[in-house]
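Take a look at the structure below.
The values are calculated or read from the model by the stated rules, or taken from the named source; none is laboratory data. For clarity, every value in this text was computed on a predicted model and none was experimentally measured. Here the Cβ positions follow ideal geometry from the backbone for every residue, glycine too, while neighbour counts run over all protein chains shown. Calculation scope for accessible area: heavy atoms of the full protein, side chains included, ligands and nucleic acids excluded. Shrake-Rupley method; radii C 1.70, N 1.55, O 1.52, S 1.80 Å.
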Amino acid sequence: MERYEHKKVEEKWRERWAQANVYRTTEDADKEKFYILDMFPYPSGEGLHVGHPKGYIATDIISRYKKMQGFNVLHPMGWDAFGLPAEQYALKNKVHPRIGTDKNIATFKKQLEKISLNYDWEREISTTDPKFYKWTQWTFIQMYKKGLVFQSNEPINWCPSCKTGLANEDLENGCCERCDTPIEKKKIPQWVIKITDYADRMLADIDKLDWQESIKESQRNWIGRSEGAEIDFNVKTSKQKTNVILMHGKDTNPQEKWYPWLAEKMNVEGISFEAPILPNPSDPHIDEWLEELDNLKPNENTTLIGHSRGGIAILRWLEKQSKDFKVKKVILVAANYAKINEKHTEEGTHGFYTEVGYNFEEIKKHCDDFVVLHSRDDGWVPFEHGEINAKGLDAKFLTFDDKGHFGSKLEKQEIPELLGEIVQEQNVILIHGCPSDEEKAKNPETRTYNKQWLSWIKEKLEQKNIKVDFPLMPHPWKPSYDEYKKEFEKLDINENSILIGTSCGTSFLLRWLGETKQKVKSLIMVAPWHEPELDKKHKTDFYNFNIDEEINNRVENIVIFTSDNDYEIGMKSAKLFEKKFDAKVVNIKGHGHYLENQMGTVEFPELLDNVLDSCVGVNDKSESIKVFTTRPDTLYGATYMVLAPEHELINNEKLKIKNWDEVVEYQKLAQAKTEIERTAEGKEKTGVKLEGVMAINPVSGEEIPIFIADYVLADYGTGAIMAVPAHDERDFEFAQKYQISIKCVIEPHLSVEIDEYGEDVAREKMETMRKQILEGKLCYTKNGDLINSDEFTGMNWIDAKEKITQKAGGEMTTSYKLRDWVFSRQRYWGEPMPLIHCDKCGVVTVPEEELPLILPEVESYEPTGTGESPLAAIDEWVNTKCPECGGPAKRETNTMPQWAGSSWYYLRYIDPKNNKELVDKTQEKYWSPVDFYVGGAEHATRHLIYARFWHKFLYDIGVVSYDEPFSKLQTVGLIMAEDGRKMSKRWGNVVNPDDVIDRFGSDTFRLYEMFMGPFDASVAWSMDGLVGPRKFLEKIWKMYHLEFTNGETSKELQKTLHKTIKKVGEDIEEMKYNTAISAMMVLVNQLEKEKSISADDFGKFLTILSPFAPHMTQELWNKIENKTFLIEEKWPEYENQYLIDDEIELVVQVNGKVRDKIMVTAGLSEEDAKEKALASEKVKKHIDGKEIRKVIFVQGKLISIVV
RNA sequence: GCCUCGGUGGCGGAAUUGGUAGACGCGUUGGACUCAAAAUCCAAUGUUCGCAAGAACGUGAGAGUUCAAGUCUCUCCCGAGGCACCA
């Protein structure tokens, strides 16, 4: 008998098939198409190992099966050949990477050919082929033109070993996935593709893909959509806090008089207050008191208060200060004008009094703000002293009639007026305008045309506890400055005041500010009005005055609201004021002169925003922190904020961060840390508080501290968070470490706990848990109803999310984990980017007719490590002409990442030689999308994300006709080495398919790989295991040679044959190759017993086996007198008549246990089955006279008797 | 920590979706052939008890639903893969 010699047989057929070109793709438009694709390999220098072909064999089987079923099948292969290893090899051996790449491709191809995979090699492609990468570059240019490509200077992931930047996707645990080197952050200009623009579509379309759930989940995960809100927190640069020093008078001490009252008030206001016991109070020496004052170190934030003799000390002390020294304010209470008179001598007063009195000019250099309090009935220091002092110091002079020497005559020992000078409340004053129509103006109802929106503003501000005055001015239709002034000065106007005037109100405010030299915080002029001529017409003294440009220096913030359809004078005035004051102008279209009928609304949010900005001490909108949160419902619990160390706001000089050095040090530390250190598990959180700034919780108004900490990531969300320690684990941990207050705003919900722990456990632990949470000792991250949240208290969390966001002025948004695609690599072996930098025209794309932009030869492939690619060294290549202006320009020297070509290669197989288009439209329409895509799970995120993005882009520009590239996707399970580890050169456990094929043959190899286990499971290789499939093939070989195949097929065998045909077909479709093979083994085992089968039936068997073992089946197929190629044969059809058994084995159970199996005819009725079952001896034994309670009958399967 | 799969003989793995657990293959043991070995063929092979007929147990552990659970439900343990300070 002829032995099965696999080599002879396999080589013979490989040649014949090649001659007949059987693998060529047929394109018969009448037939249905089937595009089945393998992920193309990177041709490494090591060649294939036994794990690589597993997926290729599977697709080969499907491809053959589909061909036999009459489909046009596209089954191509190519090479993903750009990339680092080829370049590293080139570096080492000083050969061009192309040479190594070509060699590797040749090796791979030879190995694959031995397996007889039915690829149409005429469609072979390589990403490194200029004819191919022409279209990679072309697509890149289209993306550029659509604005999807931009240059970024943000720090990127830099692998110091590969000396190139990497995309986020290229990292593994913060290391380079290629060489495991920890990644550094490096600032080099990078080309980035806005893949995030497609995030939503990529996410949504996952649902229409027939992919494994796990891969879909990875994609969803990677895109990482979360819904939440963006909310602005205003930042308050803490005003340098005032401190107050009190110098008491002669013959007293800080525990007497009104001093303790003041101390208490200062304590309430949180103002630091010092009132030393001055030496020898009954006989003070000036030197001793001045020394005391020296020790207290007053500074520019200090307010000095001096009572009587204490006042003298302060003025004397100021006389002696150096040139640039200043204090904030000096308040003199009943202080003497200390010039020697008959009562006092210099000696007798130990230097308090001098011949010349005070040197007021000198004193005034050290303070701009003096207040003098004096009472006319002062029995100790005459009122005139107060007058002299006030005059000499240009002081604000507060006079009294009955306070005496501010001693015993003082009511309750309190001076409220004094307090008002120290603690100035912020208030807003609204000065209305007036209609020009006198009749209307006289009517109190219509007197102020803008009463309604001013009232709206007032209401809104008062909701935020801001004091608002809205005085009605006397006869504004014929205004008098003095009367206005009298009315106006009844109000408390101080340097924290915000003045808002509209129309003629602005005239008044400007004049008043100019004349009184008052300092205020803000002046907001709505529809400003300056018309000096008007006085003549109205016979008033109101409109004609000189505008004092110095106002600009006394008012921190001047804003003008105007409109494009204001009256001409209004617009002129706005322009004039803008120029004079260098003011900020806000133009709201269509608001006219801000008359209510012109505005059409009483709401004026722009103004409100502006006022609120001033209220918290911020002029510029940018000085706020935008955060992203998924839990806006917990906003009331935000007790601090955290910025990423790289957050741009930190560098904003306006913040005047006090602990700048500490902050910079932390930033450096964070930057030096590798990604690994930063994200290491269980790592303790660190951070630094920004001293001198606070944020305002936009709903509760609370001032909360701001930290920088590296647990907040710069490139997710907004790079800043609101921290809610009570309801977020990370914030909780941080808050505990830095002792920040923890405020619970979500009431734990019993039902939530019951869902998780079950009723009993939940009820038991609920009370203690709840208590701990409310006390801030436990963090509660689940959902519940709101507490401690003003008007939202009691609301459920779903409603609260939106409502609170609304109140905070934020908006609901979506955030993604997906980052934009860092697309440039600083290496040689990749597609050159088709961009040109021109000094005149900026960045210009290479004209499409010049594509492909060929990768030039270079002397050294050595990466520079500086962030420049080796291409930068080729002057004659780099220097080029600008395609737009023809002037000198330079080429972009970065290359594209390896993922570029692989993002669209599958389209090129459809039309691989087309030089005019990426792919012909008609062909694309026919073949696209890929029906079945098979490859490694390691590409679940990167390759598939990039390819889906790239494809969607091509869809958008009309190159492809469907918006997803791969309809169905299946991952291959790894083949592990026999030792259970991954196959790797490192472990020396690599099995080469060539050796296996040599020993066992390609058919055995193919069968074994498919028989090992479920296709997507990872299974260890076993040389012993190969014996099974080999024996299986040899059995079949023998069957022909023992002439089994000349006989008849028994009915039993025919049944098995047809069942097998059915099963193998189904199993191929479901990728259950292992069970398909085992079914064929069953058939062969049965045939081995029967020793007889018709040639026709044997042929059918060979046909269904042929996709698995094409060579031997082909040989035997020809031996049984066929001349055709099996791959061109039709897949056999199974006949239903053989699938039905006429006699079946019925299982008899008693109480659920199998007691007997009886042979019965297939269509047996329940009654008959019961009868037969009860007749069985074995069954009788178990029933044994017991009562039969129930009988369950399953047609064709079993009968179950319950006793 | 979160998500997604899994856990079945000595090993790789089947099991029509609730209906005979262990198909098929490897290995092992015994036998046939042979002077012998290899190859091949035949038989056995979940565990325990038993000469046997047979019985009991048995799909990570424990509970539950059911006439019947590898399959469904709950709790827990272990393994693989993915994500991971993502607000």
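All of (1) within 30 Å of residue A:89 (Cβ to Cβ); (2) modelled with pLDDT of 90 or more; (3) crowded, with 17+ Cβ neighbours inside 10 Å; (4) not small (Gly, Ala, Ser) hold for residue A:882 with one exception: (1). Taking each residue of region A:1174-1186 that is open to solvent by less than 100 Å² (accessible area, probe 1.4 Å) and looking for partners that are more than 10 Å from RNA strand B (Cβ to nearest atom) and assigned to a helix (DSSP H, G or I) with beta-carbon atoms closer than 7 Å, six or more apart or interchain, yields A:1179/A:1173.
If we keep just the residues of region A:946-989 that are of a type in the set (A, V, I, L, M) and under 18 Å from residue A:928 (Cα atoms), which is nearest to the chain's Cα centre (by Cα)?
A:947
Looking across region A:308-333, the residues that are under 17 Å from residue A:257 (Cβ atoms) and in contact with a Lys or Arg (Cβ under 8 Å, 6 or more places away or on another chain) come down to A:308, A:309. Name the single residue that is surrounded by the fewest Cβ atoms within 10 Å (Cβ to Cβ) among those in region A:175-188 being touching a helix residue (DSSP H, G or I) at 6+ places or on another chain (Cβ under 7 Å) and in a loop (DSSP other than H, G, I, E, B). Among residues in region A:175-188 that are touching a helix residue (DSSP H, G or I) at 6+ places or on another chain (Cβ under 7 Å) and in a loop (DSSP other than H, G, I, E, B), the one surrounded by the fewest Cβ atoms within 10 Å (Cβ to Cβ) is A:177. Can you pull out the residues in region A:532-568 that are in contact (Cβ under 8 Å) with a residue 40 or more places away in the chain and either open to solvent by 40 Å² or more (accessible area, probe 1.4 Å) or outside any loop (DSSP other than H, G, I, E, B) (or both)? If the condition is that a residue be in contact (Cβ under 8 Å) with a residue 40 or more places away in the chain and either open to solvent by 40 Å² or more (accessible area, probe 1.4 Å) or outside any loop (DSSP other than H, G, I, E, B) (or both), then A:538, A:539, A:541, A:551, A:554, A:555, A:556, A:557, A:559, A:561 are the ones that fit. At least 1 residues being within 16 Å of RNA strand B (Cβ to nearest atom) and β-branched (Val, Ile, Thr) is the threshold, and among the helices (runs of 4 or more DSSP H) wholly inside region A:189-287 those reaching it are A:213-223.
Each row is one residue, and each column tells you yes or no for (1) at pLDDT below 80; (2) under 18 Å from residue A:901 (Cα atoms); (3) among the charged types (D, E, K, R).
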residue: A:116; (1), (2), (3): no, no, no
residue: A:135; (1), (2), (3): no, yes, no
residue: A:170; (1), (2), (3): yes, yes, yes
residue: A:178; (1), (2), (3): yes, no, yes
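The requirement of being in contact with a helix residue (DSSP H, G or I) (Cβ under 9 Å, 6 or more places away or on another chain), among the basic types (Lys, Arg), under 30 Å from residue A:934 (Cα atoms) and in contact (Cβ under 8 Å) with a residue 24 or more places away in the chain is fulfilled somewhere in region A:1029-1044, by at least one residue.
For first residues located in region A:999-1022 and farther than 28 Å from residue A:212 by Cα, partners that are crowded, with 17+ Cβ neighbours inside 10 Å and polar (S, T, N, Q) and lie 6+ apart or on another chain with Cβ distances below 7 Å form the pairs A:1002/A:116. The set of residues from region A:948-976 being of a type in the set (S, T, N, Q) and part of a loop (DSSP other than H, G, I, E, B) comprises A:961, A:967. Answer yes or no as to whether residue A:39 is open to solvent by 10 Å² or more (accessible area, probe 1.4 Å) and aliphatic (A, V, I, L, M). It is true that residue A:39 is open to solvent by 10 Å² or more (accessible area, probe 1.4 Å) and aliphatic (A, V, I, L, M).
I'd like to know if region A:487-499 contains one or more residues that are within 30 Å of residue A:370 (Cβ to Cβ), basic (Lys, Arg) and either open to solvent by 10 Å² or more (accessible area, probe 1.4 Å) or in contact with a Phe, Trp or Tyr (Cβ under 6 Å, 6 or more places away or on another chain) (or both). Give the derivation first.
Applying the first criterion (within 30 Å of residue A:370 (Cβ to Cβ)) to region A:487-499 yields A:487-499.
Adding the requirement that they be basic (Lys, Arg) leaves A:490.
Subsequent filtering for residues that are either open to solvent by 10 Å² or more (accessible area, probe 1.4 Å) or in contact with a Phe, Trp or Tyr (Cβ under 6 Å, 6 or more places away or on another chain) (or both) retains A:490.
Among the residues of region A:487-499, at least one is within 30 Å of residue A:370 (Cβ to Cβ), basic (Lys, Arg) and either open to solvent by 10 Å² or more (accessible area, probe 1.4 Å) or in contact with a Phe, Trp or Tyr (Cβ under 6 Å, 6 or more places away or on another chain) (or both), which makes the answer yes.
Among the residues of region A:254-262, not a single one is closer than 30 Å to residue A:821 by Cα, among the charged types (D, E, K, R) and surrounded by 15 or more Cβ atoms within 10 Å (Cβ to Cβ). On the given criteria, is residue A:844 in a strand (DSSP E or B) and surrounded by 12 or more Cβ atoms within 10 Å (Cβ to Cβ)? In short, yes. Can you tell me which residue is nearest to RNA strand B (Cβ to nearest atom) among those in region A:708-719 that are surrounded by fewer than 24 Cβ atoms within 10 Å (Cβ to Cβ) and under 14 Å from residue A:625 (Cα atoms)? Filtering region A:708-719 for residues that are surrounded by fewer than 24 Cβ atoms within 10 Å (Cβ to Cβ) and under 14 Å from residue A:625 (Cα atoms), the one nearest to RNA strand B (Cβ to nearest atom) comes out as A:717. When only residues in region A:137-174 that are open to solvent by less than 40 Å² (accessible area, probe 1.4 Å) and within 15 Å of RNA strand B (Cβ to nearest atom) count, which is nearest to residue A:647 (Cα to Cα)? Filtering first and then ranking leaves A:156.
When each of A:627, A:693 is tested for being at pLDDT 85 or above, near RNA strand B (Cβ under 10 Å from one of its atoms), touching a strand residue (DSSP E or B) at 6+ places or on another chain (Cβ under 8 Å) and under 29 Å from residue A:744 (Cβ atoms), the lone residue that passes is A:627. Inspect region A:1156-1164 for any residue being small (Gly, Ala, Ser), more than 12 Å from RNA strand B (Cβ to nearest atom) and at pLDDT 80 or above and give the result as yes or no. Within region A:1156-1164, not a single residue is small (Gly, Ala, Ser), more than 12 Å from RNA strand B (Cβ to nearest atom) and at pLDDT 80 or above.
Inspection of region A:1181-1189 identifies at least one residue that is more than 30 Å from residue A:61 (Cα to Cα) and away from RNA strand B (no atom under 15 Å from the Cβ). Identify the residue in region A:1035-1077 that is more than 60 Å from the chain's Cα centre (by Cα) and among the β-branched types (Val, Ile, Thr) and, among all such residues, is farthest from RNA strand B (Cβ to nearest atom). Only one residue tops the list, namely A:1049.
Scanning region A:322-367 for residues that are exposed (fewer than 14 other Cβ atoms within 10 Å of the Cβ) and small (Gly, Ala, Ser) turns up A:322, A:348. Take the residues in region A:732-751 that are closer than 14 Å to residue A:641 by Cβ and not in a loop (DSSP other than H, G, I, E, B), then tell me which one is nearest to RNA strand B (Cβ to nearest atom). It comes out as A:734. Against the test of being touching a strand residue (DSSP E or B) at 6+ places or on another chain (Cβ under 6 Å) and buried (at least 19 other Cβ atoms within 10 Å of the Cβ), the options A:610, A:587 yield a single qualifying residue, A:610.
With touching a residue at least 24 places away in the same chain (Cβ under 8 Å), in a loop (DSSP other than H, G, I, E, B) and either open to solvent by 10 Å² or more (accessible area, probe 1.4 Å) or touching a helix residue (DSSP H, G or I) at 6+ places or on another chain (Cβ under 7 Å) (or both) as the only criterion, which of A:1127, A:1104, A:1093 stands out?
Numbers: A:1127 fails: in a loop (DSSP other than H, G, I, E, B); A:1104 fails: in a loop (DSSP other than H, G, I, E, B).
Result of the check over A:1127, A:1104, A:1093: A:1093.
When A:980, A:988 are checked against the criterion of being open to solvent by less than 70 Å² (accessible area, probe 1.4 Å), away from RNA strand B (no atom under 16 Å from the Cβ) and at pLDDT below 90, a single residue qualifies: A:988.
Can you find a residue that is at pLDDT 80 or above, open to solvent by 40 Å² or more (accessible area, probe 1.4 Å), more than 30 Å from residue A:846 (Cα to Cα) and of a type in the set (Asp, Glu) anywhere in region A:193-206? Yes: one or more hits. Of all the numbered requirements in (1) under 60 Å from the mean Cα position of the chain (by Cα); (2) over 30 Å from residue A:67 (Cβ atoms); (3) away from RNA strand B (no atom under 13 Å from the Cβ), residue A:1113 misses one, and that requirement is (2).
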